[in-house]
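Okay, structure first, notes after.
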Amino acid sequence: MKRIGILTGGGDAPGLNAVIRAAVKTAILQCGCEVFGVRDGYDGFLSKHGIIPLGLNEVSGILPRGGTILGAANRGNPFARKVIRDGREVVVDMSNELVDSMRHSGMDALLVLGGDGTLRIAHELYQKGIPVIGVPKTIDNDIGGTEVTFGFDTALNVATDAIDRLHTTAEAHHRVMVLELMGREAGFIALHAGVSGGADVILIPEIPFRFDSIIAKIRQRVERGSLFSILAVSEGAKPLGGTEVFSRGGDEIYVPRLGGIGQIVGDYVEKQGYEARVTVLGHLQRGGTPTAFDRWLATRYGAAAVRLAARGGFDRMVSLSAGQITDVALEEALAVPRRVDLNEDAVITARGMGISFGDE
Ligand code: F6P
């Protein structure tokens, strides 16, 4: 192996730069390879100045930085790319052009740092001959085949800090504070932050909720003398028999955007006579410096991805299993997305401590 490429696709997540740094250092110092960065996800292969050399100088000082020095794009699917042809916007398959560009660049391996969408594209590109290695990235922690993705711990810490802050003002004003958190169809951020921050109600996509059950919990607390409540609500949470709430629909380029369930819950709570305020934490969960855990995990993933490439372990993804870095087939990792297991310790612990999931 002489030349490695790295790209970061999908939404950004804290720790991307730590992976890039570890991969570049390992590739140069351990394997004696050249490294190239692909800008703005897969788009970099299709644009004029989209491939840049990455040396030790380029990765110096990036370990604590959020975002990605390579740029990211969550609408850069080469199999369905929006382009202007004859003055009209059309969606075309440009995967063959991408394959040509990769061959032309002389890369022997491509490290793809991404979530399920980006990794699925990587797996499809492997069928076209691109030697890919996946690195699981997302704050949602919803990728199969690994115990944890990098980025999740940072988001969780931001969300827990937000709950701590809401606690003090909720208590002062005797209010119900609703905090809407990211996670798509997985409730890990709301569950872990809710438990870590001491929320009274946690609503996650895996457990459809009933409005009257939420009110019963708030009322019970008031009767016991706790005049405030904290609700951690996952953006993908939905009422029993209802559907997820979207702030914008999807099309062939954009995925639908979840958002709005927190406000709906807050409005209902107010109608029942409890003063409520709603906070949507949004992209604050994705920004800023990664936690030590995410830097540690990202660094191990980055180095392991290069070692895996050197062994020719293509179409695979580095993963964490029982605290050790290992790897799994991309197909296996993508087969079943990771969701909160209702029979696992976290949910059982929360229920046992009186936290409501809005289902009882
Ligand atoms: O997948 C990461 C994530 O932050 C989700 O939690 C959220 O639903 C989505 O991306 C937001 O995407 P965008 O950055 O396109 O608004």
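The values are calculated or read from the model by the stated rules, or taken from the named source; none is laboratory data. Nothing here was measured: the structure is a model prediction, and the numbers come from that model. Virtual Cβ from ideal backbone geometry, glycine too; neighbours counted across all protein chains shown. Accessible surface areas use protein heavy atoms only, side chains included; no ligands, DNA or RNA. Shrake-Rupley method; radii C 1.70, N 1.55, O 1.52, S 1.80 Å.
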Counting only residues that are open to solvent by 10 Å² or more (accessible area, probe 1.4 Å) and part of a loop (DSSP other than H, G, I, E, B), which one in the stretch 162-184 is farthest from the ligand (Cβ to nearest atom)? 174
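Considering each of 151, 197 in turn, give the residue that is modelled with pLDDT of 95 or more and within 16 Å of the ligand (Cβ to nearest atom).
Residue meeting the stated conditions: 151.
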Looking only at the stretch 68-103, which residues are within 16 Å of residue 118 (Cβ to Cβ), in a loop (DSSP other than H, G, I, E, B) and not hydrophobic (A, V, I, L, M, F, W, C)? 68, 71, 74, 75, 76, 77, 78
First in the stretch 75-88 and farther than 14 Å from residue 124 by Cβ, second anywhere and of a type in the set (A, V, I, L, M) and part of a loop (DSSP other than H, G, I, E, B), Cβ under 6 Å, 6 or more apart: 75/253; 82/253
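Please verify whether the stretch 216-227 includes one or more residues that are within 16 Å of the ligand (Cβ to nearest atom), farther than 18 Å from residue 161 by Cβ and surrounded by fewer than 24 Cβ atoms within 10 Å (Cβ to Cβ). Can you show your working first?
Initial filter on the stretch 216-227 (within 16 Å of the ligand (Cβ to nearest atom)): none.
No, that holds for no residue.
From 65, 85, grab the single residue that is open to solvent by 30 Å² or more (accessible area, probe 1.4 Å) and modelled with pLDDT under 90. First the steps, then the outcome.
Values: 65 fails: modelled with pLDDT under 90.
The match here is 85.
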All-but-one check, residue 288 against (1) under 27 Å from residue 357 (Cα atoms); (2) open to solvent by less than 80 Å² (accessible area, probe 1.4 Å); (3) within 16 Å of the ligand (Cβ to nearest atom), failing number (1)
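Would you confirm, using the coordinates I've provided, whether residue 321 is in contact (Cβ under 8 Å) with a residue 60 or more places away in the chain and among the polar types (S, T, N, Q)?
Working: in contact (Cβ under 8 Å) with a residue 60 or more places away in the chain: yes; among the polar types (S, T, N, Q): yes.
Spelling it out, residue 321 is indeed in contact (Cβ under 8 Å) with a residue 60 or more places away in the chain and among the polar types (S, T, N, Q).
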So, residue 271, is that one open to solvent by less than 40 Å² (accessible area, probe 1.4 Å) and away from the ligand (no atom under 16 Å from the Cβ) or not? no
